[in-house]
Structure formats: C-alpha cells, structure tokens
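Following: one structure in structure tokens, then a few remarks.
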Amino acid sequence: MASITEFNPSTPKKDLLIMAVFTAVVLTAPIWLAPIGASYPDLLQRFAIFGIFAIGFNILFGLTGYLSFGHAAFLGIGSYSAVWMFKLFSMNALLAMAFGIFVAALFALVIGFICLRRSGIYFAILTLAFAQMAYNMAYSVLTPITNGETALTLDVADPRIIDRAILGDAKEALPSPSLFGLELTGFTSFYFCAVMLILAFWVSLKIFRSPFGLKLLAMKSNQNRMQYTGYNTKPYLLVAFVISGMYAGLAGSLMAVTDPLAGAERMQWTASGEVVLMTILGGAGTLFGPLFGAAIIKYFENIFSALNKTQLTEVFGFLPDGMAEALASVSLLFVGEGWHLTLGIMFMLVVIFLPGGLMEGIYRLTARVKRKRESGGAVSGGAVQPSE
Amino acid sequence: MDALLLQLLNGLDKGGAYALIALGLTLVFGTLGVVNFAHGALFMLGAFVAVAVNRLLSFSVQVRDESITFFEAYKQQPYLEIWFGDLGLAVIAWSVPISILVAIPVMLLIGLAMERGLIQFFYKRSHAEQILVTFGLAIVIGEIVKVLFGANPIPVQAPPAVAGPAPLGAWLGLSENLVYPWWRLIYLFTSLLIIAAVFAFLQFTTYGMVVRAGMADRETVGLLGINIQRRFTVVFGIAAIVAGVAGAMYVPILPPDYNLGMNFLVLSFVVVVVGGMGSLPGAVAAGFLLGVIQSFASMGAVKDILPGIDQIIIYLVAVAVLLARPRGLMGRKGVMET
C-alpha cells in the first residue's frame, strides 16, 4: 500500500505550531462550521467523539498496518463502564472517563494479547470474532450488566455512593453528568469533548513523533526485518493495540457523558466497519486524516440523512420546474434514507482512486501546485514524485 | 435422540448455506487472489432474484370479485391465472424453484460484470484494499436493493407440495412424531449437489484441470499459451452463481432483507478462516461443522449448562482453531499471513 506517513523531519517548534492551530480550529468550530449547518452541539460533539475514536484506531491501523475489525467492542465497553460509574459512584465525568478508559484498556490487553498472535486477515477475523462475542453476549448472557436491548440507563434510585456522601441524597430528579458541579449539556458538553479531542490529538502527535511510533511504522513496512535487527515486535504491537483500545474507551465514555446511556448496538461489527471507513476515507497513517474522515462521515450522516424532497426541490429551484422536480427525485436516492449509498460510492471511489485517502489528495494537489510554481508553470509529465 | 437428529439436520442446513458461500469465497481467493467482501451481497442478490421472480409472476390486475354478490367487490388477479388458469397458479406457486433457473444466468452476468468492472483492477493491490473496496461495493449493492425492494424482509413461500413437514421419523423407522420441513431437506440436498458439482467440475473436466493448474502456478499456465485470466473470470462467475442459487433457495427459510448478505458474510469469513484460507474442502467441511456446532449449542440442554453459548460458539471455535492451528483446519502454511 502506498502510504503517506508523517515521516517528515519535524521540529518541536513546528509541532507546537500544529497544536496551536489545531486547538484554535477545534475551539472555534461552532463559528466556522455554522455556514454548512453543522454548528449545533449535538453534531459537534459527535465530530469530536468519533474523531477521538478514529485517531485511536489510526494509531493501530495507520502505524502498524494491523486491520482490526472489532474496535467498536472497546467503544461499547467504555460506554458501559462509564454508565456504571455514574450509577454506582458519581456523576463526575472525569471519574467515569477514567474508569471507561481503564476497563477498555484491560479488555484490550487481553484481547490484543490473543489476537496479535496472528497477523493479516487472521488478525482481522480474530478481532471481529471477539467483538461479535461481546455484542452477542451483551444481548444475551450479560443482560444483568448491560440491560440487553433496552440499553443501560440511569435511574433516580441508583446508589451513587460518592455523590450521596458529599451532597446527601436530597436530589429527587435524575442527575446528569457534570464536571465538579458544572453541568455538561449543550455547548459546555461540546467544549468538554473538544478539550478531550485536543488532548487525544496531542498524545497521538507525540506518538507519531516518538521512537515508539517510528518502530511501529517500521513494523508496518517490514516486520521480519524488524525482528532480524533484534526487536521483539509483539510488545510494541500490544502497546499500540492497548493505546488504541483506550482511545476507543475514551470515545465510548464520552458518548456516555454526553448522553448517559449505553446500548449494545455500539459494539456491532458495522460500528467497527464505520471507524475503518473513517480512517481510510481520511487517510490511514496520517495525523489529520482520520479526523477528517470522521467529520465527513458524521456530517453526511446527520445533514444528508435529514434532507427531504421539499428541501431538494428548493435547492434546485433555480432550474425549470420539471427539471428541478426530476433532479430532486434522482438526488433523493442519495440523501435522506439513502445516504449510505452515497457513503458506499464515496468510499469506493476513494479506495479506487485515492488509496491514501483524502489526505493523499490534498498532498497531491499541494505538490502539483508547488511544482508548478517552482518550474514556472511548465511542468513536464516526467516529473515523478519520489516514493516515500 | 430425535431432538439430536433434528438439531443435526438443522445444523447441516445452516451449514449448507455457510459452505456454499464459503466455497465461492475460497474459489475467488484461490484463483484471483482477491478477498471479496461483496460475496455476501451476491448471496443476497440471489435471494432477491427469487423475490423479483415471484413479484413478476404474480403481477396482477384488479378484477371484479364474483364470489361476493351483495356489493361491488374487487380483488387482485394475477395475469398468469387469467391467461392460463390453474396452470398459471401452479407456476406462481413454484416461483422459488423457477427463480433458481433464472438466477443462474442472472448471477453469472452480475458476477462477470463485477469481475470485469471492478475486481480485475484489484489483483495487484493489497488484501486490505481489496477488503475495503468490496466492502464499499457491498454497501452500495445493499442500498440499491433497499431502494428497489424496501427495507423490510419479504417472505416468499416454498411450493405448497413441499412446504409442509416431511415424515422423517416414518422413513427412518423412528418415532412418527419426528418430522422435518420438506424445503429444508431439499435445501440440504441441493447444497450437497451444488458442492459436488463444483468439485466435479474442477476435478473431472479439462477446463477445471486447467483452472486448478492456474491456481497452483498461474504464470506457467500462462506461458503455455492458455488465457488463464479468462478462465478465472469464469470461475468468479461460477462463484457468483453458487452464492446466488444458495440465496434464492434460502428465501423460503428466511425472508430476505437488504442486510442479509452482510450477516452471512461475517459468518462465512469465519468459516473460510476456520477451514483454512484457500482450501476448498476446508471451506465446505468448516461450513457444515460450524453449522452443526451452532445448532447443537442452541439446544435447551446445552444452554442450561452454559447460558448464551449459542450466541458465541462459532466465534469461540474460530478463536480456538486460529490459535491452536493457525492456518485453519485444512489450510496451507503461509497463505495470507502478511
């Protein structure tokens, strides 16, 4: 796979700049996303949460090349753990998240230890098998813990030991997740997720730049050679797997923080497939790609799937009547209920023509522009880009 | 004893479907070297060929209902009934077997179109990219079917002559109460027949021999002046037919919806991996084996001891097999390792 990796010599200063710009862009997202109708907190925090999920997945898939088809299991585990933390101890979001990440890490350690004994498609099938087991068990045997199809929710009568010890049990209404008294709803909740996203991105950047990250990349290009040089590759892979499971746990517990319920459908293999789509669509192995992919897919899901025929007819209103009507009914196939069709087509096009994802497209474009500028607009077809 | 026999049959039934899909997957992988995640979609398309044939045959017109005399009543009457009377009705009732005949050319066309239109460009790309592009294709096919047929499962009945239970106990000299649906028995035998046919084709025909030679060493066969690529494309078509016929036959057992392919695909991949990537007998054996194991695990007596085991048994077996015998039951070493 011709992959683009962020292996360009970067300086700490450059990284600081990247972080500063990234922070500014994320925190101002409600403003600059307003024109495309994506600036309501519910969608914004979904961008952030799935961004975290995809960034974490990318640490495994993008750096090591191990394709996990069961990552949603850790997302679900994170959600369930966070909700149980809410129920048993406290509504504090940080506690719940810490617990969610911890439990996801434990599961990732065990599952990763087993699955990483194989590679290639066998690894994919093994992770898929574990995720499906988790999903099926959440619906059957584990219903006392997961509450099965009804999903795990909060209840006024929950123990909440810590909260009651501090606040007394005066509260009658159903409490909502909070950060030391600050209720996490609306934009507060988005900014909470945004801070988590920035932290998650920072950690991922650090991993990409670290010797550890480079070792993972080396394993991706040739694990055998890596072993010949005397490295035991398994521990590194396991650490990468656990880290990416922790990211999924964080994303899952954030889902529980923004909406305190947890259902098993989060663990279904389609959910695992979705994060793969996000990462590939954006560009596996790149820093920003997975984030892009997550945002694009969630945007499509929310905006496109809400479009209906009247709105479409309005969009094409500038055309003659019959034509507008016809165009609207044709494009209706691709939006609303049919947005998965658009997703599938888009995804196929990306894999066929841009195997490196949208980021590769951006690189190609900038490279072309640069070359044009350097050679004064007279680019010959013979100018081949160096591979890697 | 009776219960055990019934579960065995149930498992073989389900295993038949798994085996047929896994067989096609393995054929495609063995010849073209492509991991086809859209193979489940072919199974689903076959099922919808049966639905479409049924719809087409029972295309009807509104006519006056003569049997109700005290007010003006209307009913839908199929054209076939109007034109051919009872014969027409019989044709409608036998729509599922007819649809199998229709499915063969249709699926062949779809398979060839898929191979020429998309798969051929992915021979040289990595397995991950093959998985991803065919996964995308599976989504697209599923969504198109959803647009055409809606999102709900569509039931189609088996022909009335074979819709009821077969007196299995009486045949075998066991208890009279032991009965088993006719159609499921037919399904089991048809799947065995198809599997036998595919193996016979590969084993006993010259064409099949060349295909096997190509699977072993494609380059040499090419150097002998044989257009091995065209034969592999035909093999893809055959795999599509196998999956499609399996799907069409499965309609009376499970009403198909657009997601059917995905559900079967996940299990079939587990089957392929358990059987051993690239091994045809392995795929078939693992298909039946996992079907039977799943069926036994869903027995009440087993579930009392290990609650919920029926939900996860297949995956547990897959994990155990992959860890104990990494290349699967009958796989060759080193296939798809990197």
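The values are calculated or read from the model by the stated rules, or taken from the named source; none is laboratory data. Since this is a predicted model, take the numbers as computed values, not measurements. Here the Cβ is made from the backbone with ideal geometry for all residues, glycine too, and neighbour counts use every protein chain on show. These accessible areas exclude ligands, DNA and RNA; they are computed on the full protein's heavy atoms, side chains included. Shrake-Rupley method; radii C 1.70, N 1.55, O 1.52, S 1.80 Å.
Things worth noting here:
- Any hit, region B:62-75, residues being modelled with pLDDT under 80, more than 30 Å from residue B:331 (Cα to Cα), of a type in the set (Val, Ile, Thr) and open to solvent by less than 40 Å² (accessible area, probe 1.4 Å): yes
- Test for residue A:16: is it of a type outside the set (Asp, Glu) and touching a helix residue (DSSP H, G or I) at 6+ places or on another chain (Cβ under 8 Å): no
- Residue among B:322, B:289 that is under 30 Å from residue B:212 (Cβ atoms) and open to solvent by 20 Å² or more (accessible area, probe 1.4 Å): B:289
- Subset of region A:107-148 (residues that are over 19 Å from residue B:314 (Cα atoms) and either at the interface with another protein chain (Cβ under 9 Å from one of its Cβ atoms) or open to solvent by 30 Å² or more (accessible area, probe 1.4 Å) (or both)): A:107, A:109, A:110, A:113, A:117, A:119, A:120, A:143, A:144, A:145, A:147
- One residue stands out among those in region B:123-173 that are outside any helix (DSSP H, G or I), more than 14 Å from every other protein chain (Cβ to nearest Cβ) and over 21 Å from residue B:98 (Cα atoms): the one that is modelled with the lowest pLDDT, which is B:173.
- Among the residues of region B:104-122, those identified as within 14 Å of chain A (Cβ to nearest Cβ) and assigned to a helix (DSSP H, G or I) are B:114, B:117, B:119, B:120, B:121, B:122.
- The set of residues from region B:35-46 being assigned to a helix (DSSP H, G or I) and either among the aliphatic types (A, V, I, L, M) or surrounded by fewer than 24 Cβ atoms within 10 Å (Cβ to Cβ) (or both) comprises B:41, B:42, B:44, B:45.
- Residue that is most open to solvent (accessible area, probe 1.4 Å) [pool: residues in region A:159-191 that are more than 23 Å from residue A:30 (Cβ to Cβ) and under 31 Å from the mean Cα position of the chain (by Cα)]: A:180
- Of the criteria (1) open to solvent by 10 Å² or more (accessible area, probe 1.4 Å); (2) touching a residue at least 40 places away in the same chain (Cβ under 8 Å); (3) under 26 Å from residue A:129 (Cα atoms); (4) more than 14 Å from every other protein chain (Cβ to nearest Cβ), which one residue A:65 fails: (4)
- Any hit, region A:313-321, residues being part of a helix (DSSP H, G or I), more than 19 Å from residue A:272 (Cα to Cα), within 21 Å of the chain's Cα centre (by Cα) and away from every other protein chain (no Cβ under 14 Å): no
- Check on residue B:257, in contact (Cβ under 8 Å) with a residue 60 or more places away in the chain, surrounded by fewer than 23 Cβ atoms within 10 Å (Cβ to Cβ) and charged (D, E, K, R): yes
- Tally of residues being within 14 Å of residue B:271 (Cα to Cα) and open to solvent by less than 20 Å² (accessible area, probe 1.4 Å) across region B:12-34: 13
One line per residue, one yes/no per condition, for (1) open to solvent by 60 Å² or more (accessible area, probe 1.4 Å); (2) farther than 18 Å from residue A:257 by Cα; (3) under 20 Å from the mean Cα position of the chain (by Cα); (4) free of Cβ contacts under 8 Å to residues at least 12 places away in the same chain:
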| position | (1), (2), (3), (4) |
| --- | --- |
| A:17 | yes, yes, no, yes |
| A:22 | no, yes, yes, no |
| A:26 | no, yes, yes, no |
| A:32 | yes, yes, no, yes |
| A:37 | no, yes, no, no |
| A:41 | no, no, yes, no |
| A:47 | no, no, yes, no |
| A:50 | no, no, yes, no |
| A:53 | no, no, yes, no |
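- Residue in region B:236-257 that is charged (D, E, K, R) and at pLDDT below 90 present: yes
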